[in-house]
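Reading through the structure tokens given below for one structure.
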Amino acid sequence: MRLLPRLLSSIVLLAALSSLGHAQDPWSVSALSGPRFALQAASVDSQAFFGGGGSTVDVYDSTTETWTIATLSSPRQYLAAATAGNQVLFAGGFWSAAGPSVSNQVDIYDTATDVWSTASLSEPRSALVGASVGSKSLFAGGANVVGAFSVSDVVDIYDSSTGIWSTATLSAPRKQLVATTVGSKVFFAGGLGFGTSNVVDIYDDSTGLWSTASLSQARFDLAATSVGTKAIFAGGRPSTATSTMSSVVDIYDTATDTWTTSTLSEPRGYFTATTVGSEAIFAGGTTDVAGSAVVDIYDSSTDTWSTDTVSEARWGLVSTSVDGKALFAGGLTATGGSAVVDIFERQPMGFRRGDSNDDGLFDLGDAIHTLSALFVPGADPLTCNDAGDANDDGEFDVSDAVYLLASLFIPGAPPVPSPQPACGSDPTDDVLTCDSYGTCP
């Protein structure tokens, strides 16, 4: 009888090892054409653009996985980037090589015509922030004088559908703020004005109206991104009087109109964030004492945080996402500028739809396992919600068990969608994930 516990233990161990064998490293590394910092990034269609920190624009094509180079009309750092329709815009910044000079220059690249053009902000400024909503690019705040403390409340708005520029104002002037978009709303948060700011200015493109909210902690050089219905504002520096960084994460859910807080795995500022799928990714930065390689990942589908690392500790890096890939580029290291581009891409896990208990079969046991995971307290959750989504509606719920039972036992009922019976990846773009699936290679 002692053989049975040993046999069961061996089965459990083999299952665990099998699951680990299917885990794939989501990271790869590429490089910019040269090291630089204080650049900016944005994406249009399948192309990611990394411009500034000089005059170079490195362009990554996700379809071909190749790099090309373009050039800004003038070199500059601490500029802003945003998109509008099929156009990418690099705005403002300053350049000190020939004497400090703040710029109002806007370089515009049209991906449809492959043509670069220029425009002008309503006033020169650097350390501003860019954001996109609908057909519009917005460039907000910034510093408009080099060598003196002067901050701006101006918002320049470009509408690509009309080619017209207009202006608005923030509720308070500030630089080194961040911005992110959820639906029709753009959030401009934090920054450094006449003191550190906790203000969040909110522009609603559907109404053209502005409103305000507040972060739980005033700070600048924070990072922001959005995932699903949530806008996330993380880290930053709470005061110019100290180098101490913050680990606070403020999260606003537009669906519930509520604010909550969380914490990063370590306090840091001057870092970057972007989103792929259901994951908001916060990478790099500087702590109180050194550069950081830490990556904090928030998964909105599970409401959980995890950590990882980029290949090189650095701060002042930038990021953007394209075709399911998050790219983290450039920045400063302890020895100077960096050309490193860390690329994060989750490889789709193979699975069989409907085989929720991952035993390689499609039978009544899967319906029982699905119902147990949904309704029995303490039951093991599914490690592959995609497999449990039997009707492929992007949700895991009781309708999947009903659909599965009908497919098994009712003549003429619709079959379970692919991948089934062979292993494959999910052909449907949804928020469900598949963390492990041992019976598919």
From SER132, SER103, SER126, SER46, residue being on the phi < 0 side of the Ramachandran plot and surrounded by fewer than 21 Cβ atoms within 10 Å (Cβ to Cβ): SER46
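One line per residue, one yes/no per condition, for (1) in the same structural domain as ASP430 (by TED's automatic domain parsing); (2) aliphatic (A, V, I, L, M); (3) in a strand (DSSP E or B); (4) more than 21 Å from THR275 (Cβ to Cβ):
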position	(1), (2), (3), (4)
TYR158	no, no, yes, yes
ALA172	no, yes, no, yes
SER206	no, no, no, yes
SER211	no, no, yes, yes
SER239	no, no, no, yes
Collect the residues in segment 324-337 that are in contact with a strand residue (DSSP E or B) (Cβ under 9 Å, 6 or more places away or on another chain) and farther than 15 Å from TYR270 by Cα, keeping them in residue-number order. GLY324, LYS325, ALA326, LEU327
So which of VAL200, VAL154 is under 15 Å from LEU128 (Cβ atoms) and either β-branched (Val, Ile, Thr) or surrounded by fewer than 20 Cβ atoms within 10 Å (Cβ to Cβ) (or both)? VAL154
What number of residues within segment 175-197 are closer than 12 Å to LEU222 by Cβ and either in contact with a helix residue (DSSP H, G or I) (Cβ under 7 Å, 6 or more places away or on another chain) or assigned to a loop (DSSP other than H, G, I, E, B) (or both)? 5
Taking PRO427 as meeting all but one of (1) touching a Ser or Thr at 6+ places or on another chain (Cβ under 7 Å); (2) under 25 Å from VAL276 (Cβ atoms); (3) surrounded by 15 or more Cβ atoms within 10 Å (Cβ to Cβ), write down the number of the exception. (3)
Among (1) among the small types (Gly, Ala, Ser); (2) under 22 Å from LEU32 (Cβ atoms); (3) not in a strand (DSSP E or B), there is one condition ALA112 misses while meeting the rest; what is its number? (2)
Within segment 253-263, is even one residue modelled with pLDDT under 95, of a type outside the set (Phe, Trp, Tyr) and part of a loop (DSSP other than H, G, I, E, B)? no
Inter-residue pairs, beta-carbon under 8 Å, first at negative phi and in segment 373-397, second among the basic types (Lys, Arg), 6+ apart: ASP386/ARG353; ALA387/ARG352; ALA387/ARG353; ASP389/ARG353; ALA390/ARG353
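The values are calculated or read from the model by the stated rules, or taken from the named source; none is laboratory data. Small disclaimer: the values here were computed from a predicted structure and weren't measured. Note that each Cβ is placed from the backbone with ideal geometry, even for glycine, and that neighbours are counted across all protein chains shown.
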